[in-house]
Amino acid sequence: MDTYALKNIFKFVSIIGMVLSLFWLSAIVVGWLYHEDMNPFLIFDVLFFGINAVVYLLLRKHSVRLSIKEGILSVNLIWVLLGIAGAVPLMLYTSVSFYDAFFESISGFTTTGATIFTDIESLPKSMLYLRSLMHWLGGMGIIVLGVGLFSLINPSGSLALFKAESTGIKMEKVTPKIRDTAIRLWGIYVLFTVVDAIALKLAGMNLFDAVNHAFSTISTGGFSTKNASLGYYDSSLIVWITTVFMILSGINFLAHLKLFSTGSSDGYKREEVVWYIAVFIGLSLVLSGVDEFVDNDNTFHALTHSFFTIASVMTTTGFATLDYAQWGHIAISVIFLAMLIGGNAGSTAGGVKVIRYIVLFKNLGTQMHKILHPNAVVGVFIDRQRLSSQIINATTGFIFLFIITNMIVTLYLFGRGFDAMTAVSTALATVGNIGPGFALTGPAENYAFFSNADKMLLSFAMIVGRLEFYTVFLLFGRSFWKKF
């Protein structure tokens with residue numbers, strides 16, 4: 001790698017580091033408001049900002065032009081930086097090991113929501129807020145935030161980073177400048193967060209809990225300030241409010257942006273959104289039926305907790321109101337299916353994404369048609385637009401990488417001696433950025449029992465899933481480093 005490429009990467013990483021340290025100040029303020037000793041955190045934050053500022057100042061005259069390769073490498077380095085930057089405060093205030101703190105930090109930023117803490121309510125308020133803040137920053141993507149800022153310095157390089165960080169089958173922008181798209185997306189993100197927090201406050205949460213749960217909901221993260229998650233509040237209104245905002249957050253944010261920018265609702269009429277809503281309602285009604293007729297729950301209770309659970313799992317948020325692992329095998333099968341689906345491309349949700357299933361099934365139908373009619377000229381169409389073979393191949397490759405990654409993690413955990421349900425569901429929960437799985441990592445459990453090596457592997461799995469495989473696995477190819 002030449003010196004110019006290194007300067008490109010380190011300058012951008014330093015900018016993200018400085019931005020992150022400024023957000024960390026809000027956690028310090030929260031600690032002061034609750035009369036906590038924030039001096040250790042403040043010292044770390046000042047040092048962290050200072051180191052990144054020195055790097056930036058040394059490279060301030062360097063004209064940055066990021067290539068796609070440099071953007072990909074920058075994104076991967078950023079996620080390592082995020083894990084460390086989030087781990088240090090947790091180590092200072094919770095007396096956990098680096099491995100535990102790093103796992104928690106990565107889980108936060110990747111919006112997975114898996115936790116190693118057995119008693120969440122005993123944590124300092126500043127650390128509860130910090131965990132939720134990690135979700136909120138990671139939800140829309142701290143890289144996308146950086147794109148908006150970095151494009152002031154380097155318009156062409158920001159596009160490379162947006163491609164590396166954004167999720168879905170193809171990248172879209174609704175404004176001529178990628179910076180404007182990123183900034184407007186964050187505007188919608190902030191608006192949803194504020195409205196959700198206000199709604200939760202009016203529904204009975206205190207302000208602190210409302211803000212934290214809004215951060216976790218809009219980011220589809222799942223960290224809660226309570227051991228029993230939202231089940232602590234025993235409020236149907238809070239459950240329904242959270243259900244609505246989880247579903248909204250699982251929709252492509254470009255659809256929201258188009259509505260707010262132009263007043264057009266066309267974004268919500270796309271095939272992916274229609275199928276997303278249809279699958280959500282279908283699975284929720286099936287689970288409600290299981291809950292009502294098998295467990296003899298009343299209709300409203302069954303609908304409330306079933307719609308919430310499917311929304312939580314399908315959007316990879318990971319909140320819980322009840323221990324759904326106790327609902328029986330049919331219910332577990334329905335929930336497991338929801339875990340495999342995910343939200344929309346361009347949303348804060350993780351998982352495979354609905355659009356990829358649409359492409360996969362339509363392509364399968366096309367191939368079957370070709371078998372019966374070899375001379376037919378057919379293609380795969382989404383929203384009346386024909387998809388290129390490149391997009392179809394990339395989608396197929398993604399599905400393959402998703403399966404292979406889950407198999408590797410599953411086999412590792414099973415080889416370590418864990419039961420099959422724990423191994424399979426934990427792999428899916430981390431790679432899919434869902435959080436809770438079943439058995440030993442169910443919604444009423446945590447990840448504290450895993451060894452340090454297990455936690456590092458699962459942390460890597462969360463990053464791979466968050467960056468949707470290609471961005472990470474490209475680093476292992478010889479062609480990536482050739483002529484770098």
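Check the range 467-484 and report whether any residue there is among the charged types (D, E, K, R) and either outside any loop (DSSP other than H, G, I, E, B) or touching a Ser or Thr at 6+ places or on another chain (Cβ under 6 Å) (or both).
Yes.
Please find, within the range 321-355, the residue that is nearest to Tyr276 (Cα to Cα) out of those that are β-branched (Val, Ile, Thr) and in contact with an Asp or Glu (Cβ under 8 Å, 6 or more places away or on another chain).
Among them, the one singled out is Val354.
I'd like the full set of residues that are among the polar types (S, T, N, Q) and buried (at least 21 other Cβ atoms within 10 Å of the Cβ), limited to the range 194-233.
The answer is Asn212, Ser216, Thr217, Ser219, Thr220, Ser224, Thr225, Ser229.
When the residues of the range 303-344 are filtered to those that are in contact with a Ser or Thr (Cβ under 6 Å, 6 or more places away or on another chain), hydrophobic (A, V, I, L, M, F, W, C) and not in a helix (DSSP H, G or I), which remaining residue is modelled with the highest pLDDT?
For the range 303-344, the residue satisfying everything is Phe319.
I need every pair where a residue in the range 374-390 that is within 15 Å of Phe361 (Cα to Cα) and among the β-branched types (Val, Ile, Thr) has its Cβ under 9 Å from the Cβ of a residue that is assigned to a loop (DSSP other than H, G, I, E, B) and at pLDDT below 85, sequence separation at least 6 or different chains.
Final answer for the pair search is Val380/Leu387; Ile382/Ile169.
Quick one: which residue in Gly350, Gly379 is outside any helix (DSSP H, G or I), over 26 Å from the mean Cα position of the chain (by Cα), surrounded by 12 or more Cβ atoms within 10 Å (Cβ to Cβ) and at negative phi?
Of Gly350, Gly379, the one residue that is outside any helix (DSSP H, G or I), over 26 Å from the mean Cα position of the chain (by Cα), surrounded by 12 or more Cβ atoms within 10 Å (Cβ to Cβ) and at negative phi is Gly379.
Do we find that Ser107 is within 22 Å of Ser451 (Cα to Cα), among the polar types (S, T, N, Q) and at pLDDT 90 or above in this structure?
The answer is yes for Ser107.
Just give me the residues in the range 19-40 being among the hydrophobic types (A, V, I, L, M, F, W, C) and in a helix (DSSP H, G or I), in sequence order.
Within the range 19-40, Val19, Leu20, Leu22, Phe23, Trp24, Leu25, Ala27, Ile28, Val29, Val30, Trp32, Leu33 meet the criteria.
If you go through the range 437-446 one residue at a time, do you hit one that is part of a helix (DSSP H, G or I) and in contact (Cβ under 8 Å) with a residue 40 or more places away in the chain?
Yes, the range 437-446 has at least one match.
Given the structure, is Phe414 surrounded by 20 or more Cβ atoms within 10 Å (Cβ to Cβ), of a type outside the set (Ser, Thr, Tyr) and part of a helix (DSSP H, G or I)?
For Phe414, the condition - surrounded by 20 or more Cβ atoms within 10 Å (Cβ to Cβ), of a type outside the set (Ser, Thr, Tyr) and part of a helix (DSSP H, G or I) - is not met.
Scan Ser67, Ser95, Ser74 and give me the residue that is hydroxyl-bearing (Ser, Thr, Tyr) and without any contact (Cβ under 8 Å) to a residue 12 or more places away in the chain.
Ser95 is the lone residue from the list that is hydroxyl-bearing (Ser, Thr, Tyr) and without any contact (Cβ under 8 Å) to a residue 12 or more places away in the chain.
Can you tell me how many residues in the range 199-254 are within 14 Å of Thr304 (Cα to Cα) and among the charged types (D, E, K, R)?
Of the residues in the range 199-254, 1 are within 14 Å of Thr304 (Cα to Cα) and among the charged types (D, E, K, R).
The rows are residues; the columns are (1) touching a helix residue (DSSP H, G or I) at 6+ places or on another chain (Cβ under 8 Å); (2) of a type outside the set (A, V, I, L, M).
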residue: Phe293; (1), (2): no, yes
residue: Phe308; (1), (2): yes, yes
residue: Ser312; (1), (2): yes, yes
residue: Ile330; (1), (2): yes, no
residue: Val334; (1), (2): yes, no
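Suppose the filter is in contact (Cβ under 8 Å) with a residue 40 or more places away in the chain, more than 24 Å from Ile310 (Cα to Cα) and among the small types (Gly, Ala, Ser); does Gly397 pass it?
It is true that Gly397 is in contact (Cβ under 8 Å) with a residue 40 or more places away in the chain, more than 24 Å from Ile310 (Cα to Cα) and among the small types (Gly, Ala, Ser).
So if I check each of Ile9, Ile16, Ile43, Ile51, which one is part of a helix (DSSP H, G or I), in contact with a Phe, Trp or Tyr (Cβ under 9 Å, 6 or more places away or on another chain) and not small (Gly, Ala, Ser)?
Just one listed residue meets the conditions, Ile16.
So, Ser74, is that one modelled with pLDDT of 95 or more and hydroxyl-bearing (Ser, Thr, Tyr) or not?
No; evaluated as a whole, the condition is false for this residue.
For every residue, the table says whether it meets (1) under 15 Å from the mean Cα position of the chain (by Cα); (2) at pLDDT 95 or above; (3) under 18 Å from Asp100 (Cβ atoms); (4) hydroxyl-bearing (Ser, Thr, Tyr).
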{"site": "Lys125", "(1), (2), (3), (4)": "no, yes, no, no"}
{"site": "Leu128", "(1), (2), (3), (4)": "no, yes, yes, no"}
{"site": "Arg131", "(1), (2), (3), (4)": "yes, yes, yes, no"}
{"site": "Leu137", "(1), (2), (3), (4)": "yes, no, no, no"}
{"site": "Ile142", "(1), (2), (3), (4)": "yes, no, no, no"}
{"site": "Val147", "(1), (2), (3), (4)": "no, no, no, no"}
{"site": "Pro155", "(1), (2), (3), (4)": "no, no, no, no"}
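The values are calculated or read from the model by the stated rules, or taken from the named source; none is laboratory data. Note that the structure is a prediction, hence the values are computed from the model and not measured. FYI the Cβ positions are ideal-geometry reconstructions off the backbone, even for glycines, and counts take in every protein chain you see.
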